[in-house]
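Structure, as structure tokens:
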Amino acid sequence: MTDPGSTARTRVRRIPENAVTDRAALHHVLDAGLVAHVAVSDGSQPFVLPVAYARRGEEVVFHGSTGSRLFRGLAEGQPTCLTVTLLDGLVVARSAFHSSMHYRSAMVLGVARRLDGDDELDALRVITEHLLPGRWDECRQPNAKERAGTLTLALPLDECSVKIGTGDPADEPEDITDPVLSRIWAGTVPMYESFGTPVRSEDCPAEVEVPAYIEAWRR
């Protein structure tokens, strides 16, 4: 197992000062995200698929349909790249060029393996609990038909990189002192993700209360 950014393929070359080599930072980004994007090729055509995922120890687990030729390609050993990006704010500079974002991002390279049996069921539990904390023990778990239609994969965290962008705008010194441009507002605008009030489905009886674990969800 290598630290993030320690291989030739994952070493950050563009804005290297944003690279983070702490493995705890990799875990933090993966644990904070809810959606990953997975790259897969079908002949000469590349595709990028959004997937629900979760970190399970030193691997990322995610799932798709057994009917998907793209997921079958991953299960058969096609190399892939999985990314997770968290947007924390906008950086508003005096110049368009230096305006940017506050972000946390992780990239994982490797070959996924297909899970089955109890290992697959555990991965589905981990994904469910990552997205919907507390739900697994209350909801009906996947039956044989649903399991047969699900292809669950694990991608090891063996080759990764992490970038985190923070701080004030990096304006050019001449823009900061220019008598006109210096009067333009510059700074950062934070962005937040949050849960709203639960909305009952039409077929859910009014006397069924929202579970306490859902009421406790915070982001």
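Rule-based calculations on the coordinates, nothing more; no lab input. Treat the numbers as computed from the prediction; the structure is a model and nothing was measured. So basically every Cβ, Gly included, is an ideal-geometry build from the backbone, and we count neighbours across all protein chains shown.
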**Message:** Can you compute the modelled spin-label distance between Thr83 and Ala8, with each label point 7 Å from Cα toward Cβ, in nm?
**Reply:** 2.2
**Message:** With the crude spin-label approximation of a point 7 Å out along Cα→Cβ, what separation in nm comes out for Ser65 versus Thr166?
**Reply:** 4.2
**Asked** When the helices in the chain are scored as -39500 (n - 2.57) per DSSP H run of 4 or longer and the sum is shared across all residues, what 222 nm value do you end up with, to the nearest 500 deg cm²/dmol?
**Response** -5500 deg cm²/dmol
**Fill in**
Taking R0 as 22 Å and r as the Cβ-Cβ distance between Leu131 and Glu207, the FRET efficiency 1/(1 + (r/R0)^6), rounded to the nearest 0.05, comes to 0.25
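Taking the number of other C-beta atoms within 10 Å as the exposure measure, put Lys163, Lys145 in order starting with the fewest.
Lys145, Lys163
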**Item:** Alpha-carbon Debye profile of region 131-181, log10 I(q)/I(0) at 0.23 Å⁻¹
**Value:** -1.00
**Relative exposure of Tyr53, Tyr103, Tyr192, Tyr213, judged by other C-beta atoms within 10 Å (fewest first)** = Tyr192, Tyr213, Tyr103, Tyr53
**Fill in**
Note on the chain: contact order normalised by length, alpha-carbon pairs under 8 Å, 6 or more apart, percent, works out to 26
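Using the Cα centre of the chain as the reference point, and only Cβ charges (+1 on K/R, -1 on D/E), how large is the resulting charge dipole? Debye, rounded to the nearest 20. Provide the component values of the computation, followed by the final result.
Details: 23 positive and 32 negative charges, 109 e Å.
Dipole magnitude for the chain comes out near 520 debye.
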**Request:** Using only alpha carbons, build the gyration tensor for the chain and give me the equivalent ellipsoid semi-axes, biggest first, whole Å.
**Result:** 37, 26, 15
**Fill in**
Rounded to 0.05, the calculated FRET efficiency for the beta carbons of His37 and Met191 at R₀ = 22 Å is 0.70
